[in-house]
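Down below is the structure, laid out as structure tokens.
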Amino acid sequence: MSAAISVRHLTKDFRIGLRGLKLRAVDDLSLEIPRGQVFGLLGPNGCGKSTTLKIVLGLVSATAGEISILGESYATSAARRRTGFLPEAPYFHKFLTGRELVRYCAQLSGVAAGDLDAAVEDALGLAAMSEAAARPIGTYSKGMLQRIGFAQAVVHDPELVILDEPTAGVDPVGSAAIGRMIDAMRTKGKTVVLCSHLLGQVEQICDRVAIMDRGKLVLEGAVEDVLARRDRHVLTVEAMTPAARAAAEAALEAHGAKLTSVTHPRRSLEDLFRELVTGSRDA
Amino acid sequence: MNASLRRTLWISRVTFLEAVRQRFFAFLLVLGAAMVLSSVSLRVFDFGHGELKFIADFGFGGMFFFGSVLAVVMTAQLFFSEIDNKTALTLLAKPLSRAEFLLGKFFGAWAVLGVFLVVLAGLQGLVLWAREQELIAMAEQSGKIPATFSVLGLGQLVLMQWLRLGVVIAIVLAISALARTFLFAVVVGSLAVVAGQLQWIAQDAFLRPTDSQAYAAFLWVSTRLIPNLQQFNLADALVLGSAAVEEGALIAVGFSGLAYLVAYLTLGALIFRRREI
Ligand SMILES: Nc1ncnc2c1ncn2[C@@H]1O[C@H](COP(=O)(O)OP(=O)(O)OP(=O)(O)O)[C@@H](O)[C@H]1O
Ligand SMILES: [Mg+2]
């Protein structure tokens, strides 16, 4: 089966100003995103992640290169019907309630009238937005906006879900909740493309990552492969004494191995935070 | 119902809701209504046809002017609020064509202007009818026969004005599809409306013989590119039955309006297809 998304030698120049100065946002990018995995697209601000996704979705035209999405050579309406998209910094019609918005998006995405109510409630439930769904979107917090954005992206049960910074502006508890939603999508066999600056979370939930810099691809691979340092090992020891340490060092040296560092394992700030805090009020 | 038509209707429904919840709509509606109602106080002391016509001209003038402002500013605003707030990004990533999106905007805005016209014309009709009753009562005493106000004529006027505003909305959408900013769309859209109202001058000039080929070509292009918006005011005369308007003339204006409307929407959809969101 073909890749969920494939991008070949993609280049995008934006013209800026009246003099037509060119800004190369994406530079000869080639990338394959396999199906059924969570794929992290990483890189510093302005490296061209969002632009790449918009080109794939047909919202912006490419200057050069080719794409394919779910087996189609451009984002046809058939391909878009099977895709869900949460744009970065999402903003929705603020006079609609959360439920009205998700319903509107479900209708536009071709959900059959008979399945509409169930699909809307499922998506709201998945995004933990059932309670706030009757409120107008204008009253939502940033985290709620991201979650209602997630709900509208998955309401039509798409095969491919593209999330552009779903955790921007969301507190750690909310981010963890979004992480679990992504995990749930993977369990259902969906493909998820995730842009995020939360590297800790990306490391935990992504199967593969690609890192971009200045429009170019600098690294791509399975998280296990790109992160493991196969020439180093970590041993975690309990009830260590100076004598035990000296003995261990001597034993290792006898086999030609060398102990290079001894530290205390740390828990992450995120873990600590989540241990101490129960949750935001609208979570 | 066809899926494409349904998507268009959903877009127009949300567009309509967005528009009627705006203060701008309420503001212009109140201004227009105030103008219509203030025409009650107009008294020309000939107690007859002149007075009703004076009231009608004043009220319809307000409806015409504020309707045009609403059609230009609100349409551009409805379009650019989706682009600037990036809601278009969410919507156009769905299985929805750009043409359906633009048509949805069109029908939403057109429906809002329909409400605007019906409310103001209804008020104007009440004002005219009430004054007519007074005049009839006076006429019985003085023996003068006043003009009669025609509800059918009023309906025809509303239809004609609605069609005129539909053409304006289609023009503003085509301009918005091309424009980078809301301000540009409003300024160029307003100029287009003024040009449309004055188009008959160019058309008159065109009928006169001229030596200059370039001038003739300019007139030919401008009289076809820009619709004659003045022609829709033809129906104004029907309200008081003051002038005879042939059915054929009305139908011809209707068809020409529809043709311009379709042409500008098609042009807008073609431009919008290439726009980067
Ligand atoms: N419509 C546009 N016109 C001109 N330049 C643009 C446009 N959109 C993006 N750019 C430029 O293209 C580059 C890439 O932008 P892009 O939004 O793809 O970055 P990103 O990787 O998503 O960054 P971030 O992490 O901040 O979201 C940036 O330098 C940006 O300024
Ligand atoms: Mg981005």
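The values are calculated or read from the model by the stated rules, or taken from the named source; none is laboratory data. These numbers come from a predicted model, not from an experiment. Ideal geometry is used to build each Cβ from the backbone, glycine not excepted, and the neighbour counts take in all protein chains shown. Surface accessibility is based on the protein's heavy atoms, side chains included, excluding ligands, DNA and RNA. Shrake-Rupley method; radii C 1.70, N 1.55, O 1.52, S 1.80 Å.
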Roughly what angle does helix B:3-20 make with the longest principal axis of chain B, taking Cα atoms, 0 to 90 degrees, to the nearest 10? 60
Taking the Cα centroid of segment A:207-283 and of segment B:188-252, what is the distance between the two, rounded to the nearest whole Å? 78
Residues of segment A:66-95 that bury at least 50 Å² of accessible area, probe 1.4 Å, when all protein chains are present rather than the chain alone, are A:Arg80, A:Tyr91, A:His93, A:Phe95
Please give the net charge around A:Gly43, taking every other residue with its beta carbon less than 14 angstrom from that of A:Gly43, where Lys and Arg add +1 and Asp and Glu add -1. -3
Reach of B:Lys94 by Cα under 29 Å, taken over lysines that are not fewer than 8 positions away in the same chain: A:Lys12, A:Lys49, A:Lys54, A:Lys94, A:Lys142, A:Lys188, A:Lys190, A:Lys216, B:Lys86, B:Lys105
Kindly tabulate the residues in segment B:74-114 with an accessible-area decrease of at least 20 Å² between the chain alone and the assembly of all protein chains, using a probe of 1.4 Å. B:Asn85, B:Lys86, B:Thr87, B:Leu89, B:Thr90, B:Leu91, B:Leu92, B:Ala93, B:Lys94, B:Pro95, B:Leu96, B:Arg98
Out of segment A:159-261, which GluC sites (Glu not before Pro) are coil in DSSP terms and have no more than 14 other C-beta atoms within 10 Å? A:Glu238
Give the separation of the Cα centroids, segment A:34-75 to segment B:60-78, in Å. 41
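Which percent, to the nearest 5, of DSSP beta bridges fully inside segment A:132-283 are antiparallel? Before the final figure, lay out each step's value.
Numbers: 6 of 11 bridges.
Percent antiparallel among DSSP bridges in segment A:132-283 is about 55.
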Segment B:150-235 - accessible surface per residue (Å², probe 1.4 Å): 51
Of every hundred units of 1.4 Å-probe accessible area on segment B:2-273, the number belonging to carbon and sulfur atoms, as a percent, is 72
Once R0 is set to 41 Å, what does the formula 1/(1 + (r/R0)^6) return for the Cβ-Cβ distance between B:Val194 and A:Thr76, expressed as a FRET efficiency to the nearest 0.05? 0.45
Taking 8 Å as the Cα distance limit and 6 or more residues as the minimum spacing, I'd like the relative contact order of chain B as a percentage. 25
Please label the shape of the protein assembly as shown as rounded, prolate or oblate, based on the square roots a ≥ b ≥ c of the eigenvalues of the alpha-carbon gyration tensor (a/c under 1.5 means rounded; beyond that, a/b larger than b/c means prolate, else oblate). prolate
Classify segment B:71-117 as rounded, prolate or oblate from the Cα gyration tensor: take a ≥ b ≥ c as the square roots of its eigenvalues, call it rounded if a/c is under 1.5, otherwise prolate when a/b beats b/c and oblate if not. oblate
Comparing each residue of segment B:1-19 in the complete protein assembly with the chain by itself (heavy atoms, probe 1.4 Å, ligands and nucleic acids ignored), those losing at least 30 Å² of accessible area are B:Arg7, B:Trp10, B:Val14, B:Glu18
In segment A:129-187, carbon and sulfur make up what percent of the accessible area (probe 1.4 Å)? 53
May I ask which residue of B:Gln199, A:Leu227, A:Thr52 lies farthest towards the positive end of the charge dipole of the protein assembly as shown, with charges of +1 (Lys, Arg) and -1 (Asp, Glu) on Cβ and the Cα centre as origin? A:Leu227
With -39,500 (n - 2.57) per DSSP H segment of 4 or more residues and division by the full residue count of chain A, the 222 nm estimate, nearest 500 deg cm²/dmol, is -10000 deg cm²/dmol
For a Förster distance of 41 Å, can you work out the FRET efficiency between the beta-carbons of A:Ser61 and B:Ala252, rounded to the nearest 0.05? 0.45
Taking the solvent-accessible surface of protein heavy atoms with a 1.4 Å probe, what is the per residue accessible area of chain A in Å²? 53
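Using heavy-atom solvent-accessible surface (probe 1.4 Å) with all chains present, what is the largest-first order of B:Leu89, B:Leu234, A:Leu18? All intermediate terms of the calculation are to be shown ahead of the outcome.
Values: B:Leu89 10, B:Leu234 60, A:Leu18 185 Å².
If we order B:Leu89, B:Leu234, A:Leu18 from most to least accessible, we get A:Leu18, B:Leu234, B:Leu89.
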Using helices alone, I'd like the mean residue ellipticity at 222 nm for chain B: each DSSP H run of four-plus residues gives -39500 (n - 2.57), total over residue count, nearest 500. -27500 deg cm²/dmol
Ranking by accessible area, most exposed first, for B:Arg131, A:Arg82, A:Arg24 with a 1.4 Å probe: A:Arg24, A:Arg82, B:Arg131
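Under a Cβ-Cβ cut-off of 13 Å, what is the net charge of the residues other than A:Lys22 that fall near it, where Lys and Arg count +1 and Asp and Glu count -1?
Once positives and negatives cancel, what remains is +2.
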For chain A, take the longest principal axis of its alpha carbons; what is the angle in degrees between that and the long axis of helix A:116-126, to the nearest 10 within 0 to 90? 20
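Leaving ligands, DNA and RNA out of it, rank A:Asp164, A:Asp27, A:Asp171, A:Asp117 by accessible area with a 1.4 Å probe, largest first.
A:Asp117, A:Asp171, A:Asp27, A:Asp164
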Once both axes come from the Cα atoms, what is the angle between helix A:142-154 and the longest principal axis of chain A, in degrees from 0 to 90, rounded to 10? 70
Please state the shape class of segment B:2-273: rounded when a/c is under 1.5, otherwise prolate if a/b exceeds b/c and oblate if not, all from the C-alpha gyration tensor. oblate
